[in-house]
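Each remark here refers to the structure printed beneath this line.
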Amino acid sequence: MNDSLIKPLLRALCAVLLVQPVLIATAAADSATPLIDKVRNATARFLDLNVALAEGFVPATPCVSGPDTGAMGVHFVLPARIGAGVLNAEQPEALIYEPMANGAMRLVGVEFIVLESVWAAKNPAGSVPALDGNLLNYIGAPNRYGLPAFYEIHVWAWQDNPRGSYADWNTRVTCAHQPDSK
């Protein structure tokens with residue numbers, strides 16, 4: 001093979017080898033997990049906010065956003081589930097909606113929430129709650145939500161999240177269309 005062709009070929013091969021792990025990691029991050037599949041199956045009916053409201057979900061927050069980290073969205077909770085302390089992939093405590101420009105609300109994910117005191121009472125050994133192998137995050141009190149200490153995990157089942165399927169903030173969700181409360 002001609003020496004003038006070997007150097008460009010080696011550079012191209014090195015570039016492919018350097019990019020390959022990134023492509024594999026990206027593909028893995030974008031693929032659905034068993035937990036996401038369970039959440040989608042269990043919450044598909046809530047794509048229509050009216051169904052969620054009819055089943056007892058109530059608005060709990062305005063659209064929650066961060067200064068540079070994206071948003072969470074508007075949380076609708078089922079109050080009876082918050083104090084139950086049961087983690088079930090098919091029964092999220094909160095549904096998360098993104099306000100749209102036309103006034104509609106688009107389901108983007110869910111949040112599983114268990115109060116620390118309830119978890120501790122049911123699990124005196126001091127374990128950290130997990131949902132299908134995914135550890136929940138601890139949020140101490142006082143916190144910006146005005147809640148007692150709790151554990152939580154977001155599952156972005158209906159909107160891809162570049163930060164990860166279970167990250168708190170999603171850079172592809174926005175509060176730009178949150179109606180004014182004036």
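Condition check: within 17 Å of residue 146 (Cα to Cα), modelled with pLDDT under 95 and among the polar types (S, T, N, Q). Does residue 61 satisfy that? Taking the combined requirement at face value, the residue satisfies it.
When each of 86, 51, 39 is tested for being modelled with pLDDT under 95 and either among the β-branched types (Val, Ile, Thr) or assigned to a strand (DSSP E or B) (or both), the lone residue that passes is 86.
Among the residues of the range 128-141, is there at least one that is hydroxyl-bearing (Ser, Thr, Tyr), in contact (Cβ under 8 Å) with a residue 12 or more places away in the chain and within 25 Å of residue 175 (Cα to Cα)? Checking the range 128-141: at least one residue is hydroxyl-bearing (Ser, Thr, Tyr), in contact (Cβ under 8 Å) with a residue 12 or more places away in the chain and within 25 Å of residue 175 (Cα to Cα).
The number of residues in the range 142-158 being touching a residue at least 24 places away in the same chain (Cβ under 8 Å) and either of a type in the set (Val, Ile, Thr) or surrounded by fewer than 16 Cβ atoms within 10 Å (Cβ to Cβ) (or both) comes to 5. Of the residues that make up the range 67-80, is at least one modelled with pLDDT under 55, surrounded by fewer than 13 Cβ atoms within 10 Å (Cβ to Cβ) and in a helix (DSSP H, G or I)? No, the conditions are met nowhere in the range 67-80. Condition check for residue 49 on (1) farther than 30 Å from residue 120 by Cβ; (2) touching a strand residue (DSSP E or B) at 6+ places or on another chain (Cβ under 6 Å); (3) surrounded by fewer than 17 Cβ atoms within 10 Å (Cβ to Cβ): one failure, at (3).
In this structure, residue 93 qualifies as among the acidic types (Asp, Glu) and crowded, with 22+ Cβ neighbours inside 10 Å. Of the residues in the range 112-127, none is buried (at least 18 other Cβ atoms within 10 Å of the Cβ), closer than 20 Å to residue 66 by Cα and in contact with a Gly (Cβ under 9 Å, 6 or more places away or on another chain).
The condition of being part of a loop (DSSP other than H, G, I, E, B) and in contact with a Leu (Cβ under 8 Å, 6 or more places away or on another chain) holds for only one of 128, 114, that being 128. Within the range 131-155, the only residue that satisfies the criterion of being among the aromatic types (Phe, Trp, Tyr), out of contact with any Leu (no Cβ under 6 Å at 6 or more places or on another chain) and either within 15 Å of residue 93 (Cβ to Cβ) or not assigned by TED's automatic domain parsing to the domain that holds residue 87 (or both) is 145. Among the residues making up the range 56-103, those that are in contact with a helix residue (DSSP H, G or I) (Cβ under 8 Å, 6 or more places away or on another chain) and farther than 21 Å from residue 162 by Cα are 56, 57, 58, 76, 83, 84, 85, 89, 90, 91, 92, 93.
Here is a yes/no grid of residues against (1) more than 18 Å from the chain's Cα centre (by Cα); (2) farther than 25 Å from residue 176 by Cβ; (3) among the small types (Gly, Ala, Ser):
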site	(1), (2), (3)
34	no, yes, no
38	no, yes, no
41	no, yes, no
47	no, no, no
64	no, no, no
70	no, no, yes
82	no, yes, no
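The values are calculated or read from the model by the stated rules, or taken from the named source; none is laboratory data. Since the structure is predicted, the reported quantities are computational estimates derived from the model, not experimental observations. FYI the Cβ positions are ideal-geometry reconstructions off the backbone, even for glycines, and counts take in every protein chain you see.
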